[in-house]
1. Would you point out the residue of segment 307-319, among those that are in contact with a strand residue (DSSP E or B) (Cβ under 7 Å, 6 or more places away or on another chain) and farther than 16 Å from residue 122 by Cβ, that is farthest from ligand 1 (Cβ to nearest atom)?
2. Can you tell me which residues in segment 247-270 are part of a helix (DSSP H, G or I), at pLDDT 95 or above and buried (at least 23 other Cβ atoms within 10 Å of the Cβ)?
3. Having 2 or more residues that are touching a residue at least 40 places away in the same chain (Cβ under 8 Å), buried (at least 16 other Cβ atoms within 10 Å of the Cβ) and within 16 Å of ligand 2 (Cβ to nearest atom) is the bar; report the strands (runs of 3 or more DSSP E) wholly within segment 1-106 that clear it.
4. Among the residues of segment 172-182, is any surrounded by 17 or more Cβ atoms within 10 Å (Cβ to Cβ) and free of Cβ contacts under 8 Å to residues at least 40 places away in the same chain?
5. Go through segment 320-334 and give me each residue that's within 16 Å of ligand 1 (Cβ to nearest atom) and surrounded by fewer than 20 Cβ atoms within 10 Å (Cβ to Cβ).
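The values are calculated or read from the model by the stated rules, or taken from the named source; none is laboratory data. Just so you know, these numbers come straight off a predicted model, no measurement behind them. Because the Cβ atoms are built from the backbone with ideal geometry, glycine has one as well, and the counts that use them run over all protein chains shown.
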Ligand SMILES: Nc1ncnc2c1ncn2[C@@H]1O[C@H](COP(=O)(O)OP(=O)(O)O)[C@@H](O)[C@H]1O
Ligand SMILES: [Mg+2]
C-alpha cells in the first residue's frame, strides 16, 4: 500500500524510538516555530512533494517554491511514467519567479452573487490585519477597520459585477471611496442588487472623520497591490490573458502557489487571502459535485506562514467541515501571538482546539518557546534550548483521539535531538 494515498509523513518518533508518524489527510495540523526552525523544509515541503492530489501552497520565499515546483509538475507516477504533466499556476505579484506558469485571477468575477461578493470582500480585508498591527495599530482596532472595509468592498465588488464594470472601475472608487457616488447609486437602483447594501456602504463611509479616515485607509490598503500597474497587469485578466481555470487545474491534480514576500510597504496578504478562499471554494465545489461526495485523491492546503500570507477568515469552519470532504489542512505560524493578532484570542483558541495535531519547533527566542500551551497551560518546549527541539504529533495508531504534543515538560522526556533525520533537502 502507498501510504501517501492516506496521509503525509510527519517524521519518526523519539519515544518510543523510531516509530513512523503519519498524519491522515482528514486530520488537521498546525505547525509553530521561529523563523528558520524547519517548518517549511522539514514538514510542509515534504508533505506537498509526496501528496498525490491537487494542492494549494502559500509561500514567502522563492526558494520554497523551487523546493517543490518541478516535482509537482511531474506526472503522477514520476517524470519517467509517461503520463501527462500536472498543471501548476503561480500567483506571483512581485515577479519573483519569471517564467513559471502564472495564475491570472479576476477579483470581480462572480460578484453578481452577493454571497460571493461578501466572502471575497471579507477575505481581502482580513489580509490587512497583520500589516495594520505591525504598523502600530492595536489588533482589535485593526479587526474593526477590516470589518468596515469589508462592507465597502463587498458593495464595490457587487456594484461593479452587476453593471459589467471591471477592476479598473473599482480602483477608481477605492481611490476616493467617500466621493464615489456610482456604487451607492447602483446598489440603490439596480434590480438585482442585494437589498440594504447601499445602507451598509454609506454607514461605513459616513460618521466621525477619524473613523471614516481609518476605514478609507484600510480599504486602500486591501487593494493596494492593484494600484501598481505592473502588478495589476500580471495578476488580472487582459487581452489574450484569460483567467486561470481553477476548477480544471484542480481536477487534473494541479497545484496553485501563492507567492508573497515580507514587505512592509506592499503586503500581498489581502490578495493572497482572497485567491486562497476562491481556490478552497473551488475544491469544495468539486467535493460537493463528486459522485463520491469528496475530493479524491484529497486536496491539500499547505498554508505556510498563515498569519502573514493568508489569514483566511473561514479557516476554522473549513477545518471543522471540509476535512471530511477530502480537503486537508496544514498551517504554519511563527508564534501564537501572530494567530491572536489575526483572529482575536477567542477565534485563535477555537482554531487551536480544532487542530488535530500541533507540531512545535522549539529553540527560537520568540514567544513561541516560552508561551504556555493555550489549551492545557503547559509550556510547549523547555525554555532556553539553543537547538531546534522535537516536534511531534498524534500517532496514526490512535486516530480517534486528538492528541497534542506539548513538549518535554508535559511528556516528562527531554528530546536531545530532532526525532527524525532531517536532511537539508526535503525528504520524499
Ligand atoms: N533550500 C535550502 N537549502 C539549504 N538550507 C536551507 C534551505 N532552505 C532553508 N534552509 C535552512 O534550513 C533551516 C530551516 O529552514 P525553513 O524550513 O525554511 O525554516 P522555517 O520554514 O521554519 O522558517 C534554516 O536554517 C534555513 O536557513
Ligand atoms: Mg518557512
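1. 319
2. If the condition is that a residue be part of a helix (DSSP H, G or I), at pLDDT 95 or above and buried (at least 23 other Cβ atoms within 10 Å of the Cβ), then 250 is the only one that fits.
3. 29-33, 55-59
4. Yes, that holds for at least one residue.
5. none
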